[in-house]
Number of protein chains: 2
Amino acid sequence: MAQQLMRSAVVVGTGLIGTSIALALRDQGITPYLIDENPEAARTAAGLGAGVVGPPRAPVDLAVIAVPPQHVAASLREHQSGGLAHDFTDVSSVKVRPQEEAAELGCDLVRFVGGHPMAGRERSGPLAAQVDLFRGRPWVLTPTESAGDRAVGRTRALAELCGARPVVMDAAQHDRAVALVSHTPHLIASLLSGRLLHGEESQLQLAGQGLRDATRIAGGDADLWTHILSSNAAAVAEVLTDLVLDLDAAVDALRELAKAPSEPGPAGLSHLRDVLVRGTRGRGLIQEGSSGGLSGVAVGT
Amino acid sequence: MAQQLMRSAVVVGTGLIGTSIALALRDQGITPYLIDENPEAARTAAGLGAGVVGPPRAPVDLAVIAVPPQHVAASLREHQSGGLAHDFTDVSSVKVRPQEEAAELGCDLVRFVGGHPMAGRERSGPLAAQVDLFRGRPWVLTPTESAGDRAVGRTRALAELCGARPVVMDAAQHDRAVALVSHTPHLIASLLSGRLLHGEESQLQLAGQGLRDATRIAGGDADLWTHILSSNAAAVAEVLTDLVLDLDAAVDALRELAKAPSEPGPAGLSHLRDVLVRGTRGRGLIQEGSSGGLSGVAVGT
């Protein structure tokens, strides 16, 4: 079914995500064309068996724009003008701003559907690609009102061909969701890790697996994440502002407890306990298997 | 060598840590006596092969006070008065305040050395105990100036018998260190998890392994952690205050970028990039194997 809708494809940008998609398509019998502004990256992807280097001679069914969020709209505009494909999607982890920019640049929004496969790795580049990166994971589609049925069908087919579960959402809803479950946690992990630069070696030797887990996502590509966060700045700032209020209240409770060590005020203690209990409850909402069939889902970039 | 210094022991408090210590001692040929205010917990630990229930008939070499930080001083006082052992140590994850409280209660500080094995699990209670919980991990000793050589030697022997690496530190230095590498990250993970309670189900379905890792430590025992954080309130408040300043600056950068979407100010972008780069560098300081022979070290509770 998915193969009937989409029989040919081109991947623009052969980094981790683009190359993983190309490998998955290849696995399903579709040989994608591979384009990258860095020809070496496209050759590397092709060397991994992800497809053939260079643009197609005639328009293919679907072009997958797999470039960082700040370049999506320009790339879409360029390749729609050039007639690279009949329909287009992207895979960037922010959806509102690239869609706004695409509209401003006069892109054909009938033939474009935004997408975001919720998978990623700390490593980047074609050599980190995996054929099964998207298997069983959500792949968010954010069609605008302008989007044509064929473009929606083909983008959905792409997700299915990659073994992912298509989830349709409004772009703004998507951006608020990833601000909460991915972008803010990433920024917090980075700030927490950054604080370690102020630590002495004798302090850091006590660090262990808990801290390593808590900061693992901070290991991602700094340039890519700068653009992800700035492209979703308003939504991330909103979550972060709420978090700062929570933090301020926690600092107040701790200072109260620090001042009266022998007679800890019940207010400070009960505030701290409330924070910890809510943390345990919040964690329960995202346990593996807690969200229906979406177990094993990784946070996307 | 370690066996010569310490030939008999009692464990007061057969939770996760106490029972794991008892199992490790048993493995080294020492059968500890097991005491818990909840007799069922002591019987469960004994049932696991961790030792024999009840106080020794004569004072043993070392008593391990394995109770929550807020109860350490009172327990030490009680068992020193009762002549439970010749020397005493504790295993709580905060060191300054229990030592101050012990001094206030008139405990014999010649025969007491604070200790903190840097290992833990999200699960608690005797049934979560593991004989190898401390293997290869740091075990911080915080002897005061009053501490006798024999007590220091026996506490060190305890750590070695459990397969851990003794690390001697000043109590205040220890508390600042764990505020940075364990207590603040725990509180942050809890606040981050708690924010998810404000999320909608459609948002939370996009959560994945990255967020689960970032919040894993928030799954710990809320009551225990309330007391850990309140016992180390001043040091945690200090780290947290610095972190709030970092967060405020990040929010400012994001708001600037959100206001000028088409022309993002280079200041906001470069600030975000700096946060992310520093995060990656900070993470590098605590990579497995980055701190000499301390690989595989878990964050203690």
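We did not get these values from a lab; they are worked out from the coordinates using the rules stated. Treat the numbers as computed from the prediction; the structure is a model and nothing was measured. Quick reminder, even Gly has a Cβ in these numbers, built from the backbone with ideal geometry, and neighbours come from all protein chains shown.
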Peptide B:171-181: average number of partner chain Cβ atoms within 10 Å per residue? 4
Nearest-first distances (nm) between copies at B:Gly49, label 7 Å from Cα via Cβ: 4.7
Give me the percent of DSSP beta bridges within the range B:2-174 that run antiparallel, rounded to the nearest 5. 15 percent
Using a label point 7 Å beyond Cα on the Cα-Cβ vector, give me the inter-copy distances for B:Gly106 in nanometres, one decimal, shortest first. 9.1
For the range A:1-147, what class follows from the C-alpha gyration tensor (a ≥ b ≥ c being the square roots of its eigenvalues): rounded when a/c is under 1.5, otherwise prolate if a/b is larger than b/c, else oblate? rounded
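For chain B, what is the relative contact order in percent, using Cα pairs closer than 8 Å and at least 6 residues apart in sequence?
Answer for chain B is 18 percent.
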Computed helical MRE - 222 nm, chain A, DSSP H runs ≥ 4 contributing -39500 (n - 2.57), nearest 500: -14500 deg cm²/dmol
Once each part is reduced to its C-alpha centroid, what is the distance from the range B:83-100 to the range B:1-78 in angstrom? 13 Å
Take every DSSP beta bridge whose two residues both sit in the protein assembly as shown, then give the antiparallel share in percent to the nearest 5. 15 percent
Axis-nearest residue of A (beta carbon) for the A-onto-B rotation, whole Å: A:Asp213, 2
Report the Cα centroid-to-centroid distance between the range A:192-221 and the range A:136-172 in angstrom, as an integer. 37 Å
Give the long-range amide H neighbours of B:Asp87: residues separated by 5 or more places, or on another chain, with amide H under 5 Å away, using H modelled in the peptide plane at 1.01 Å from N. B:Leu62, B:Ala63
Find every distance from the label point of A:Asp223 to the corresponding label point in the other copies (7 Å from Cα along Cα→Cβ) and write them in nm, one decimal, shortest first. 5.3
Pairwise FRET efficiency - A:Arg7 versus A:Glu37, Cβ, R0 = 35 Å, nearest 0.05: 0.85
Long-range HN-HN contacts of B:Met118 with modeled amide H, under 5 Å: B:Trp139, B:Val140
Hey, what do the phi angles of the range B:41-46 turn into as Karplus ³J(HN,Hα) couplings, whole Hz, using 6.51/-1.76/1.60 and θ = phi - 60°, x for Gly and Pro? 5, 5, 5, 4, 4, 4
Counting only the backbone N, which residues of the range B:83-103 are under 16 Å from the spot 7 Å out from the Cα of B:Ala58 toward its beta-carbon? B:83-87
Assertion target for A:His71, B:His174, ordered by fewest C-beta neighbours within 10 angstrom first, is A:His71, B:His174
Cα pair distances in the protein assembly as shown, grouped into 10 Å bins until the bin that holds the longest one, percent each: 4, 17, 24, 20, 14, 11, 7, 3, 0, 0
Spin-label point model (7 Å from Cα, Cβ direction): what's the A:His198 to B:Gln173 distance in nm? 2.0 nm
Give the residue list of GluC sites (Glu not before Pro) in the range A:149-205 that are DSSP loop and have at most 12 other beta-carbon atoms within 10 angstrom. A:Glu200
